[in-house]
There are 2 protein chains.
Amino acid sequence: METMANNVAIEKSKTSKIQDVDFDNLSFGSVYSDHMLVCDYKNGEWSAPKVVPYQPITLDPSAKIFHYGQSIFEGMKAYKDEAGKIWLFRPLENWKRLNKSAKRLAIPELPEAYFMDGLNALLQVESDWVPQNPGSSLYIRPFIFASGNGFHASPADEYKFIIACAPSGSYFSGKVKVLIEETYSRAANGGVGYAKAGGNYAGQFYPTQLAAEKGYQQVIWTDDNTHEFIEEAGAMNVFVRIGDTLLTAPTNDRILDGITRKSILDIANDEGIKTEVRKVSVHELVEAAKNGTLKEMFGAGTAAVISPIAGFGYHGEDYDLPELENSYASLLKKRITDIQYNRAEDKFGWRYEVAQ
Amino acid sequence: METMANNVAIEKSKTSKIQDVDFDNLSFGSVYSDHMLVCDYKNGEWSAPKVVPYQPITLDPSAKIFHYGQSIFEGMKAYKDEAGKIWLFRPLENWKRLNKSAKRLAIPELPEAYFMDGLNALLQVESDWVPQNPGSSLYIRPFIFASGNGFHASPADEYKFIIACAPSGSYFSGKVKVLIEETYSRAANGGVGYAKAGGNYAGQFYPTQLAAEKGYQQVIWTDDNTHEFIEEAGAMNVFVRIGDTLLTAPTNDRILDGITRKSILDIANDEGIKTEVRKVSVHELVEAAKNGTLKEMFGAGTAAVISPIAGFGYHGEDYDLPELENSYASLLKKRITDIQYNRAEDKFGWRYEVAQ
Ligand SMILES: Cc1ncc(COP(=O)(O)O)c(C=O)c1O
Ligand SMILES: Cc1ncc(COP(=O)(O)O)c(C=O)c1O
């Protein structure tokens, strides 16, 4: 039976998997909700999106996604407040970035209404899937991939835009130790590093495995030319606190323009914390660690929110960070999650209520 | 009904599409043969490969191929000689490179026997699909992608290795004009450029579209740091002839180690042509074009074999190349294709006969 919501056709699933889910023990992104949004690009245009039962995708072996890596994605979360209302955080920023990624990967851009109406309709149907437990949320994965066929290395003529949802707990458990990378790189100047392109992630797995063998959970990427400046982590931007100043690298064509990153900068400024957006050299980091002015490092991203870093490895040496009582990380995490979960005033206008 | 060949189980297709194919007018990689080879990685190991009817692939929306670009491929050709025998060209090099790519993309390496036995069995079944027309061949596409599920940005736990085939004519028609890229890049130092990773190709589409709008069919990539040295083209390594010397860039972690490239170097040396494997600067190219010593440029790769370049654009200027009577490109193309199609002696031991 088909119904409509927010201009979007809805085909409801006959059964639900929700009773099988242990909402008190959620891992990250491994259980999927009952429905997904699907929207096809064919004959030069995107068709209207539809909510359908979560179901397998069937493709020809020659579909370009298998051969030429034409795929992009976004990562968002839906938060449920105490009253049961559902909130998104700056969703238009995700739509804008999706289209920035699309352009760089020669994927046709998606109309705003298809993204926003589709998202609203899907979340209306999946409202029971948004966890209310503290620290949990419904992780939302919009993605576009090349479904058109052909072994010729050129853009596909057909694409699929899908939004799938996974009720999730926290991404990392506890503090992480990071390795500052001196050999491998994540992105080229003039490359696709600023896009959320699938290929950017696959390229990080092997160096991250090598780091894990040495006892580090994450790699901090440096510029591919000199390896002298820190850029970002696997799926997070990186902040450093030296003395009382909070530092982060400027975005460029190698670094993802994180929505958490820019929100954290705004909140920090609002808190009266001194911030500097400038290149941060590994040398400066090591010196600060040695002379005791390096107070904090943390990653910032939608999945992990703020992930404190316990220490870093560089050039065969390990540098530990102090345990602070009143860290910027915990202050900033509280402020951003209070906005996300509708527990505090939203003076920035970032919260977006999902129609129910 | 299942049979066996080369230790590989074979499930034959009930019908064939071969009568629908116009072998006199083949395009490149857009018609697929009746069967494919499939081999699954699960529970920590590759299962034995099977030949099955060419058929769609079904995946969960959370399959990592859609999100994290974990995919690699190879490109090979099967050639039919006058007697109807079928030949491959240095197939073990493709297997070795597939595993080099696999390692960099954190994909489990594939055993040699699965690759070679699988290839032999598939080509035995598809022997009628190998065209005999001059310039045509059966293009062979081995590929591996992440079929395991999960939104966590980490390597998949399941993969699929597939070989599909497409009877094909030539990749480019006629000479191509190329643009020497000054803004965008293909690969980072310490990145995945030397691997045949899907994401490397998607990243090239947009800059190639921009070049096409200006009238160039291909982009010549330069190093991402200075854009001063030429590296390679979309799916070809690049050769330059200045005076009587044949030049090509050394391979490094940004450049694919092309099998055609290294074969061409061996043949050129055998012909007594002076070769130099060294960095070639754009400056040197422009100077040589201006003073008349730039005689030829061509791309070299399995799909296009040798693709002569008619001219290049750089910094808003166009430089034309002369039309030579006895070009290195035509001499080298004749020698390599004579070996590939079993029309001449194979002193290098490159030809590999497919068991029939
Ligand atoms: C490479 C990379 N950097 C940074 C981020 C953080 O961005 P955001 O805060 O928008 O989630 C992400 C992902 O989400 C990422 O994939
Ligand atoms: C980026 C790139 N460079 C060069 C080549 C040429 O390699 P080969 O001669 O082994 O086909 C290819 C592809 O086949 C390629 O994709």
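Results, tabulated for the structure shown:
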| quantity | calculated |
| --- | --- |
| Rg followed by Dmax, in Å, when region A:176-340 is reduced to its Cα trace | 14.8, 42 |
| Inter-label distance for B:S127 and B:D318, nm, one decimal - labels placed 7 Å from Cα along Cα-to-Cβ | 5.0 |
| Per-peptide average of other Cβ atoms within 10 Å, ordering B:64-75, B:114-125, A:36-47, A:304-315 highest first | B:64-75, B:114-125, A:304-315, A:36-47 |
| Among beta bridges that DSSP assigns inside chain B, antiparallel share in %, nearest 5 | 80 |
| Chain-alone versus full-assembly comparison, region A:1-44, residues with accessible loss of at least 40 Å² (1.4 Å probe) | A:Y32 |
| Label spacing, shortest first and in nm, from A:E158 to its equivalents in the remaining copies (7 angstrom along Cα→Cβ) | 2.4 |
| 3J(HN,Hα) from dihedral phi, region B:6-16, Karplus parametrisation 6.51/-1.76/1.60, rounded to Hz, x for glycine, proline | 6, 6, 10, 6, 10, 10, 7, 5, 6, 10, 10 |
| Vicinal HN-Hα couplings computed from phi for region B:239-247 (Karplus, 6.51 cos²θ - 1.76 cosθ + 1.60; Hz; Gly/Pro x) | 10, 10, 10, 10, x, 10, 9, 9, 10 |
| Carbon and sulfur %, accessible surface of region A:176-340 computed with the full protein complex present, 1.4 Å | 47 |
| Partner chain coverage, peptide B:101-112 - average Cβ within 10 angstrom | 2 |
| Accessible area buried at the B-A interface, both sides summed, 1.4 Å probe (Å², nearest 100) | 5100 |
| Between helix A:259-270 and chain A: long-axis angle, C-alpha atoms, 0 to 90°, nearest 10 | 50 |
| Relative contact order (percent, whole number), chain B, Cα cutoff 8 Å, 6+ residue spacing | 18 |
| Listed residue pairs exceeding 32 Å between alpha carbons, taken from A:K160/B:K103; A:K175/B:K103; A:K214/B:K160; A:K42/B:K42; A:K50/B:K14 | A:K42/B:K42; A:K50/B:K14 |
| Eligible lysines near A:K80 by straight Cα distance, threshold 21 Å, same-chain separation 8 or greater | A:K17, A:K333, A:K334, A:K347 |
| Long-range HN-HN contacts of A:A106 with modeled amide H, under 5 Å | B:Y206 |
| Average accessible surface area per residue within the protein assembly as shown, 1.4 Å rolling probe, Å² | 38 |
| Peptide A:69-78 - average C-beta neighbours from other chains (10 Å radius) | 4 |
| Fraction of antiparallel bridges per DSSP, region A:176-340 only, in percent to nearest 5 | 65 |
| Cα-centred dipole magnitude for the protein assembly as shown, charges only on beta-carbon of K, R (+1) and D, E (-1), debye, nearest 20 | 300 |
| Whole-Hz ³J(HN,Hα) from phi, Karplus 6.51 cos²θ - 1.76 cosθ + 1.60, for region B:132-138, glycine and proline x | 9, 4, x, x, 9, 7, 9 |
| Positive-end extreme of charge dipole, region B:225-327 - chosen from B:I259, B:V286, B:I306 (charges on Cβ) | B:I259 |
| Burial order of peptide ranges B:347-356, A:236-245, B:209-218 (average beta-carbon count within 10 Å, highest first) | A:236-245, B:209-218, B:347-356 |
| Within 10 Å of each Cβ in B:205-213, the average number of Cβ atoms from other chains | 4 |
| Under 5 Å, built H, 5+ apart or other chain: amide partners of B:L179 | B:Q218, B:V219, B:I220, B:G313 |
| Highest-first arrangement of B:100-107, B:332-339, where packing means the average Cβ count within 10 Å | B:100-107, B:332-339 |
| Long-range HN-HN contacts of B:M36 with modeled amide H, under 5 Å | B:V52, B:Y54 |
| Label 7 Å beyond Cα on the Cβ vector: A:V277 copy-to-copy distances, nm | 4.6 |
| Nm distances between copies for B:T293, ranked from closest, using label points 7 Å along Cα→Cβ | 5.3 |
| Minimum Cβ-to-axis distance in chain B for the rotation onto chain A, with residue, whole Å | B:G199, 1 |
| Global geometry of region A:2-168, whether rounded, prolate or oblate, following the gyration tensor of its Cα atoms and the 1.5 cut on a/c | prolate |
| Rounded percent of accessible protein surface that carbon and sulfur make up, region A:43-119, 1.4 Å probe | 48 |
| Förster-model FRET efficiency, 56 Å R0, A:T183 and B:D270, C-beta, rounded to 0.05 | 0.90 |
| Chain A, helix-only ellipticity at 222 nm - DSSP H runs n ≥ 4, -39,500 (n - 2.57), divided by all residues, nearest 500 | -7000 deg cm²/dmol |
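The values are calculated or read from the model by the stated rules, or taken from the named source; none is laboratory data. Please read these numbers as outputs of a predicted model, since none were measured by experiment. Every residue, glycine among them, receives a Cβ derived from its backbone with ideal geometry; neighbour counts consider all protein chains shown. Ligands, DNA and RNA are stripped out before the accessible areas are found, and what is left, the full protein with its side chains, is counted by its heavy atoms. Shrake-Rupley method; radii C 1.70, N 1.55, O 1.52, S 1.80 Å.
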